[in-house]
Amino acid sequence: MILPIQNTLRTRIQDVLAELYELKPADIPDINIQYPPKRTMGDLGITVAFELARTLRKAPRAIANEIVQSIGSIQGISHAEAAPNGYVNVFLDRAVFTRHVLVRHTEPRPGQTSKAIVEHTAINPNKAAHIGHLRNAALGDTLARVLRFLGNPVEVQNYIDDTGVQVADVIVGFQQLEKATNAHVKTLSEQSRFDYYCWDLYARVTGWYDEDKSRLQYRTDTLHALESGSNESAELGALIAHSIVDCHLATMARLNVDYDLLTWESDILRLHFWSQAFEILQAAGAVYLETTGPQTGCWVMPITESNSDASTIPETTEDDNESGGPKSRTKVIVRSNGTVTYVGKDIAYQFWKFGILDKDFYYQQHAKQPSGRDCWSTTSTPNDHTNTADSTIAFGHADSVYNVIDTRQSYLQQLLKKALTATKHTNEAAHSVHVSYEMVALSHATARSLGQPGDTDTSRPFVEVSGRKGLGVKADDLLDLLITAAKKEVVARHSDLTQDSPETENISTAIAVAAVRYFMIKYSRGKLIAFDIDEAMSFEGESGPYIQYAIVRATNILRKLEAQQGCSEVNILDEIQTLEDSALTQPSSDIWELLFESSRLDDIADQAARTLELSVLAKYAFSLAQSFNTFYHRCPVIAETDPAVRLWRAVAVIYCRRQLKEALDLMGCEAPSRM
């Protein structure tokens with residue numbers, strides 16, 4: 001891994017600058033470290049001479065020369081050179097570095113004290129998960145894995161909106177369209193794919209409303225029943241929501257997505273989180289009672305302050321009545337009838353995440369996940385399992401909160417930051433992060449293969465989907481289709497495998513998961529993506545299976561090396577401690593190129609976490625797989641006659657495979673035994 005030596009080098013340069021030029025810490029610019037385009041130019045490049053040129057009134061080259069002369073000896077670094085243009089180019093001690101990173105792989109990474117909460121998925125518990133939800137879960141789960149990889153304590157939460165419009169509509173569907181009793185719905189919920197049943201019912205209810213708008217009163221009445229609780233509709237809502245959430249968890253488990261805590265909106269209401277959050281907002285003057293205009297009698301939050309977020313808050317919202325009309329610069333938090341809006345509930349939840357509220361949930365274990373990790377659930381009643389006084393339960397109280405929600409919720413996320421700022425929690429506001437992303441559509445070819453209606457606008461390269469109208473691709477259907485496609489490919493390549501064998505199932509599932517998850521993060525978050533099955537499943541293009549194939553190829557090399565020449569991985573790593581290293585240290589060494597590129601994973605992970613652009617991780621993994629395949633063709637391992645060269649090449653294969661597997665794991669994927 002490259003970050004430790006970068007951090008050591010950065011600290012040394014800062015010390016050198018302070019001593020050479022008597023600079024105070026505040027006057028020392030950030031020490032940016034780059035990668036020269038060719039290893040013959042150096043392994044690391046430092047640009048600080050350019051930043052200091054004006055301050056010191058010296059040419060960058062002169063500053064670079066002075067730094068190089070003063071830098072001294074650093075373990076793992078061979079030497080540094082001042083380039084004519086002013087760069088400080090650093091050359092690593094290749095043999096020392098290689099032996100060091102291979103040994104250090106088993107050592108724990110330095111822990112961080114700053115806790116992060118990553119909230120993602122948050123699917124409305126009224127129907128099956130669809131393809132769009134997979135992008136949210138892939139981004140959120142990958143972010144959580146990256147933060148943990150970097151040593152941060154991470155808590156993953158899944159917010160369950162079990163008192164919202166979507167659940168109310170399914171209740172209306174069962175009660176008004178199907179005239180079903182709660183007992184009948186319970187029987188349905190115990191059958192397979194209850195989430196599919198509700199998917200169709202939800203679409204029917206939408207059409208039913210469209211036929212007669214007066215029927216929307218059923219929705220309003222049901223929402224009131226859900227909020228008040230302790231009635232037949234609320235009981236039905238709880239049954240539906242809990243059953244659907246279990247379906248969602250099963251779907252996400254297929255994609256290797258785990259959660260630490262399920263947070264139920266109904267518990268936020270029952271435990272009166274909002275009451276305390278409202279008191280905090282009132283005491284800070286963040287909300288006021290409107291006495292004139294269409295918002296009379298409402299508690300509203302002004303959104304007119306001249307801060308960085310206010311300028312981006314739209315004048316219109318999805319509910320102009322609550323925002324006071326299309327030109328209003330206030331947002332209703334509590335309606336005139338005393339009910340809290342969704343914004344108020346989300347503010348209370350965000351306050352709880354940061355430990356601002358004195359209140360807490362009760363908790364109970366929900367399930368043991370396939371990974372072995374426990375998934376907990378909030379509850380509003382004390383129980384025998386745990387309570388708020390249980391010292392082993394420490395949910396919430398985050399230093400940073402990452403909310404993974406699509407771009408349509410940007411307005412709401414800005415309001416959450418504003419509420420924190422207005423209540424003097426400026427540090428929390430700065431660490432309240434919206435991880436936004438664009439929507440997922442389908443390519444025309446994929447839409448046809450999934451039986452979706454064609455888009456009449458063929459000028460667009462994608463087909464939009466709508467869960468509300470029942471037009472969309474269910475996540476489980478997509479996975480099933482990809483697994484089936486992978487099985488055909490795997491069986492065609494291996495005569496000893498059959499369609500029904502467990503190994504075929506395991507291999508095909510791993511390929512399908514990598515195809516989906518890699519596709520969902522390889523694009524920039526701000527880009528609308530059109531999912532294409534052929535592109536996602538390609539063994540030769542930029543895809544998860546391409547990376548898996550590189551790992552399988554590396555594994556085969558090492559397996560053959562051990563079988564034919566008795567060189568096990570353990571033996572190889574032992575031998576290189578004293579092995580002659582000219583094959584590694586020659587100026588243009590393919591072995592060093594691959595080893596060095598492989599070592600950059602932690603730097604890439606750090607970049608992904610800082611920029612929240614997880615696509616850099618996907619691009620890096622693909623690029624590293626390409627580098628390995630080039631190395632595979634250029635530098636045969638088994639056929640090499642020079643024992644030292646053969647072992648160093650094997651070392652490059654071992655380390656590259658290790659890093660590729662780690663990169664795949666960060667993206668929630670694994671490498672199959674063969675492909």
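Grouping the Cα pair distances of the range 46-164 into 10 Å bins from zero gives a pair-distance distribution of 11, 21, 18, 21, 16, 9, 3 percent in increasing distance order. Packing here is the average count of other Cβ atoms within 10 Å per residue, and on that basis the peptides 3-11, 664-672, highest first, run 664-672, 3-11. For residue 531, nonlocal amide neighbours, meaning residues 5 or more places apart or on other chains whose placed amide H falls under 5 Å from its own, are 441, 442, 443. Protein heavy-atom surface of the chain, 1.4 angstrom probe: 48% of the accessible area is carbon and sulfur, with nucleic acids and ligands not counted.
Using the per-residue mean of other Cβ atoms lying within 10 Å as a proxy for protection, in what order, highest first, do the peptides 531-540, 597-606, 131-140 fall? Display every interim value, and only then the final one.
On the way: 531-540: 17.9, 597-606: 20.8, 131-140: 24.6.
The packing order, highest mean first, is 131-140, 597-606, 531-540.
Since only 528, 4, 191 are under comparison, the one whose Cα sits farthest along the positive direction of the charge dipole of the chain, derived from C-beta charges on Lys, Arg, Asp and Glu, is 4. Think of the chain as a dipole: +1 on every Lys or Arg Cβ, -1 on every Asp or Glu Cβ, centred on the Cα centre; then among 652, 172, 421, 652 lies furthest on the positive end.
Per residue, the accessible area of the chain comes to 43 Å² when a 1.4 Å probe rolls over the protein heavy atoms. Residue 440 contributes about 10 Å² of solvent-accessible surface, heavy atoms of the protein only, 1.4 Å probe. The C-alpha atoms of the chain define a longest principal axis, and helix 615-634 lies at about 30 degrees to it. When only alpha carbons are used to place a centre, the range 623-650 and the range 523-592 end up 10 Å from one another.
Normalised by the number of residues in the chain, what is the relative contact order in percent for Cα pairs under 8 Å and 6+ residues apart? Show your work: numbers first, answer last.
Values: 1093 pairs, mean separation 93.2, N = 675.
Relative contact order, the chain: 14 percent.
Using a cut-off of 29 Å between Cα atoms, the listed pairs 353/619; 127/661; 560/661 include 353/619; 127/661 as exceeding that distance.
Sorted on the mean count of surrounding Cβ atoms within 10 Å across their residues, most packed first, peptides 186-193, 169-176, 65-72 read 169-176, 65-72, 186-193.
If you average the C-alpha positions of the range 336-366 and of the range 114-190 separately, how far apart do those two centres end up, in angstrom? The distance from the Cα centre of the range 336-366 to that of the range 114-190 comes to 17 Å. Which of 561, 130, 344 sits closest to the plus end of the dipole of the chain, meaning its Cα is farthest towards the positive end, when Lys and Arg get +1 and Asp and Glu get -1 on the C-beta? Positive-most Cα among the choices belongs to 561. Which angle from 0 to 90°, rounded to the nearest 10, does the C-alpha axis of helix 94-104 make with the longest principal axis of the chain? So the inclination is approximately 40 degrees.
Within the set 418/474; 345/474; 417/474; 213/527, which residue pairs have Cα atoms separated by over 31 Å? Working shown, then result.
On the way: 418/474 36 Å; 345/474 29 Å; 417/474 33 Å; 213/527 36 Å.
Long pairs (Cα-Cα over 31 Å): 418/474; 417/474; 213/527.
Give the relative contact order (percent, whole number) for the range 36-175; include only Cα pairs under 8 Å separated by 6+ residues. Relative contact order here is 20 percent. Quick one: what are the phi-derived ³J(HN,Hα) couplings along the range 495-505, Karplus 6.51/-1.76/1.60 with θ = phi - 60°, whole Hz, x for glycine and proline? Values per residue, Gly and Pro as x: 5, 7, 9, 10, 4, 9, 6, x, 5, 4, 4 Hz.
Can you classify the range 1-104 as rounded, prolate or oblate using the Cα gyration tensor, where a ≥ b ≥ c are the square roots of its eigenvalues, rounded means a/c under 1.5, and otherwise it's prolate if a/b beats b/c and oblate if not? Prolate, because a/c is 1.5 or more and a/b exceeds b/c.
From the alpha carbon centroid of the range 223-250 to that of the range 47-103 is 62 Å. Relative to the longest principal axis of the Cα atoms of the chain, the long axis of helix 601-611 lies at roughly 40 degrees.
Rolling a 1.4 Å probe across all protein chains gives residue 87 an accessible area of roughly 70 Å².
The values are calculated or read from the model by the stated rules, or taken from the named source; none is laboratory data. Computed from a predicted structure; not experimentally measured. Here Cβ is always computed from backbone atoms with ideal geometry, including for glycine, and neighbour counts include all displayed protein chains. For accessibility, only protein heavy atoms count, side chains too; no ligands or nucleic acids. Shrake-Rupley method; radii C 1.70, N 1.55, O 1.52, S 1.80 Å.
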